[in-house]
């Protein structure tokens, strides 16, 4: 029987999730291997160097750069407050003095007798990394971070915007084909991860954000509305850094697309439970998928080896990840051995797929498909 390996989105009821939590630069890890952590617990801390503020002392004092050292009132390395006097000329008979005033608080880092410049380094900015998920610390990256593992349900989406969030799952629609409408969103959505079926409008998203929903998971969304939300065109770079209050994860594709039944059923089975989500996405090399992680209750240990992903074969459920069928779900019915010539004129290995939405069988390049991985 023919097989074809194609990576796919994971929709797994029970697995072991491993997350690496790393500082942006070296610092201090404050937990040990074996420690039980909550999602909001801080696991590592560091300080980002403060901003550099240049001050042209020679110009402010109207002197030669070589004279600066004699006029300093603050030595390099000393702390300094905004509006403190850094240097001062003696003036004439003690009058008509020129003063160089500090424009910011921090530390006087350096003074140059060649350029006449002084450098003030503002106070360092503390940075901490939270666990993100409930779990156990299973590894330490010295001075940088940790690995946290947990038994969880794990779901990936096809596209997302917004960063890490944590909240209680709230199901808004009764099935995969019902869109989330504005009238479904009320004050009880505050702090929740909202789950809906086929579609979410721009107005419904904005209302959910205004009322304090921390995340939304839905089958489809209009691509053009994303620009309205974030204020710029989303390209192929990594998403997840957008300055929005509500993280959005699209599980199927752009437009009105029914959420896959197994995804909806799995999320529905966890309604009322706390989940962690992240909209970070990268479609091209080094693929990153948006994710929802729902830690399982109790001290659950999965000792079995993870299921191997053997590849596509007839009967495999797939999602199309390129136009003109982007986001559609279907089932592989055949995997022809011979290369097929595409409309572009190039030769490629293809798969015959019966699309659920149109009931049609279409011939698609295998590179345009990804399996929906289940366990």
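The values are calculated or read from the model by the stated rules, or taken from the named source; none is laboratory data. Please read these numbers as outputs of a predicted model, since none were measured by experiment. All Cβ positions, even for glycine, are placed from backbone atoms using ideal geometry, and neighbour counts span all protein chains on display.
Any residue at all in the stretch 153-164 that is surrounded by fewer than 20 Cβ atoms within 10 Å (Cβ to Cβ) and part of a strand (DSSP E or B)? Yes, the conditions are met somewhere in the stretch 153-164.
The criterion of being closer than 30 Å to residue 151 by Cα, at pLDDT 80 or above and either within 25 Å of the chain's Cα centre (by Cα) or assigned by TED's automatic domain parsing to the domain that holds residue 255 (or both) does not hold for residue 353. The set of residues in the stretch 186-209 that are closer than 21 Å to residue 276 by Cα, without any contact (Cβ under 8 Å) to a residue 60 or more places away in the chain and in contact with a strand residue (DSSP E or B) (Cβ under 8 Å, 6 or more places away or on another chain) comprises 188, 189, 191, 192, 194, 200, 205, 208. In the stretch 243-254, what residues are touching a helix residue (DSSP H, G or I) at 6+ places or on another chain (Cβ under 9 Å) and either without any contact (Cβ under 8 Å) to a residue 60 or more places away in the chain or closer than 20 Å to residue 191 by Cβ (or both)? If the condition is that a residue be touching a helix residue (DSSP H, G or I) at 6+ places or on another chain (Cβ under 9 Å) and either without any contact (Cβ under 8 Å) to a residue 60 or more places away in the chain or closer than 20 Å to residue 191 by Cβ (or both), then 243, 244, 245, 246, 248 are the ones that fit.
When 61, 108, 72 are checked against the criterion of being surrounded by 13 or more Cβ atoms within 10 Å (Cβ to Cβ), under 38 Å from the mean Cα position of the chain (by Cα) and in contact (Cβ under 8 Å) with a residue 24 or more places away in the chain, 108 stands alone in meeting it. From the list 277, 259, the one residue that fits, being assigned by TED's automatic domain parsing to the domain that holds residue 328, closer than 20 Å to residue 185 by Cβ and in a strand (DSSP E or B), is 277. Quick check on my filter: what residues within the stretch 102-115 are touching a strand residue (DSSP E or B) at 6+ places or on another chain (Cβ under 6 Å) and closer than 11 Å to residue 57 by Cα? Residues satisfying the conditions are 102, 111. Looking across the stretch 315-340 at every residue that is under 29 Å from the mean Cα position of the chain (by Cα) and without any contact (Cβ under 8 Å) to a residue 12 or more places away in the chain, the one that is farthest from residue 158 (Cα to Cα) is identified as 324. Only one entry in 119, 169 is over 30 Å from residue 220 (Cβ atoms), touching a strand residue (DSSP E or B) at 6+ places or on another chain (Cβ under 6 Å) and at pLDDT 95 or above, namely 119. Report whether or not residue 90 is under 21 Å from the mean Cα position of the chain (by Cα) and closer than 30 Å to residue 54 by Cα. No.
When restricted to residues that are over 17 Å from residue 140 (Cβ atoms), at pLDDT 65 or above and part of a strand (DSSP E or B), the stretch 1-28 contains 9. When the stretch 190-209 is filtered for residues that are over 19 Å from residue 168 (Cβ atoms), out of contact with any helix residue (DSSP H, G or I) (no Cβ under 7 Å at 6 or more places or on another chain) and not in a loop (DSSP other than H, G, I, E, B), only 206 remains. Summed over the stretch 210-242, the residues that are within 22 Å of residue 189 (Cβ to Cβ) and free of Cβ contacts under 8 Å to residues at least 12 places away in the same chain give a count of 1.
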